[in-house]
Amino acid sequence: MQDGDALVLRTDYLLRILEALNKYFPDLEYITSYARADSITRKSPAELQELRQAGLNHLYCVMETGSDKILQLINKGFHADTVAKSGCMAKDAGMILSEFILLGIGGKELSKENAIQTADALNMIQPDFIRVHTTGIKPESKMWEFVQAGSFTLQSEEEIMIEQKLFLEKLLEMDSYYVNEHIINLLLEVRGNLRTDKLEMLSAINKFLGLPEDEKLLFIVGRRLNIFFMLDDLKKPKQYQKAQECMEQILQKNPQVDFTRLCNYVRQSQI
């Protein structure tokens with residue numbers, strides 16, 4: 001229902017829209033909307049049930065984090081208790097729920113808190129999908145002012161992956177599908193059902209973290225330049241050579257390059 005938060009609309013108006021959709025597209029199986037946590041909690045449980053019965057059966061909720069400190073830092077407009085309450089309300093109404101989270105949104109200072117408290121919130125909600133995105137701080141944003149002032153420290157790609165490992169470890173083995181699906185993410189192969197595939201996902205992260213430092217950096221640069229897409233691409237001679245050539249060009253232009261800032265620049269340009 002458009003690329004925005006349809007739940008800000010009055011319930012009676014939403015029901016009219018859903019009625020029209022079902023009238024003109026009688027074979028519809030799914031109707032989806034983005035929904036902020038505070039938009040969900042403004043509805044009563046009965047209203048959510050009514051919307052679900054009218055066909056609105058999948059919500060995309062961009063919670064981003066379960067940390068109150070980080071929610072305040074990014075001026076999200078609600079608290080962590082609203083995150084948990086909204087997710088539980090959507091699930092109780094029988095809706096499919098996708099929760100979007102951001103790795104790296106707390107910087108080095110709040111990395112551990114972001115991982116643990118976001119996992120705690122999701123363990124309460126138990127959404128159908130956990131959609132993982134990596135943060136990219138845009139130069140024109142207020143967050144970048146924090147970076148420049150020194151109150152927010154960007155994480156390296158490896159540090160963000162360590163945060164993801166902790167986050168994944170803290171998630172319960174529940175019937176939720178965990179997915180790295182966006183080009184902004186480093187390891188696209190880290191995806192699967194938390195009940196059956198959690199160890200395999202952690203193994204992929206450990207495989208990356210266990211690479212020799214030069215190969216780890218080569219993969220990071222190759223991934224950010226869309227030369228590599230999976231860790232096993234390191235075994236492909238043509239892609240490996242191309243990544244090496246690009247690395248050499250970067251170092252020739254700037255031997256003192258800050259790869260943390262360079263990777264953040266690439267990531268923010270992709271969103």
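The values are calculated or read from the model by the stated rules, or taken from the named source; none is laboratory data. All values derive from a computational prediction rather than experimental measurement. Cβ: placed from backbone, ideal geometry, glycine included. Neighbour counts: every protein chain shown.
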Residue count, the range 167-183 (criterion: surrounded by fewer than 16 Cβ atoms within 10 Å (Cβ to Cβ), more than 14 Å from the chain's Cα centre (by Cα) and not acidic (D, E)): 2
Matching helices (runs of 4 or more DSSP H) fully within the range 60-178 where at least 1 residues are within 30 Å of Q2 (Cβ to Cβ) and either out of contact with any Phe, Trp or Tyr (no Cβ under 9 Å at 6 or more places or on another chain) or not assigned by TED's automatic domain parsing to the domain that holds G192 (or both): 68-73, 80-92, 111-125, 142-149
Which numbered condition F228 fails, given (1) of a type outside the set (G, A, S); (2) buried (at least 16 other Cβ atoms within 10 Å of the Cβ); (3) not in a helix (DSSP H, G or I); (4) not assigned by TED's automatic domain parsing to the domain that holds I250: (4)
Cβ-Cβ under 7 Å pairs, at least 6 apart or on other chains, the range 257-271 side outside the structural domain of H133 (by TED's automatic domain parsing), far side surrounded by fewer than 16 Cβ atoms within 10 Å (Cβ to Cβ) and in a helix (DSSP H, G or I): V257/I250; V257/L251
Only listed residue being over 24 Å from I130 (Cβ atoms), modelled with pLDDT of 95 or more, in contact with an Asp or Glu (Cβ under 9 Å, 6 or more places away or on another chain) and not acidic (D, E), chosen from G87, G66, G55: G55
Condition check for A37: hydrophobic (A, V, I, L, M, F, W, C) and out of contact with any Phe, Trp or Tyr (no Cβ under 7 Å at 6 or more places or on another chain): no
Test for I227: is it at pLDDT 95 or above and under 18 Å from E163 (Cβ atoms): no
Residue that is farthest from N180 (Cα to Cα), among those in the range 71-101 that are surrounded by fewer than 20 Cβ atoms within 10 Å (Cβ to Cβ) and in contact with a His (Cβ under 7 Å, 6 or more places away or on another chain): I96
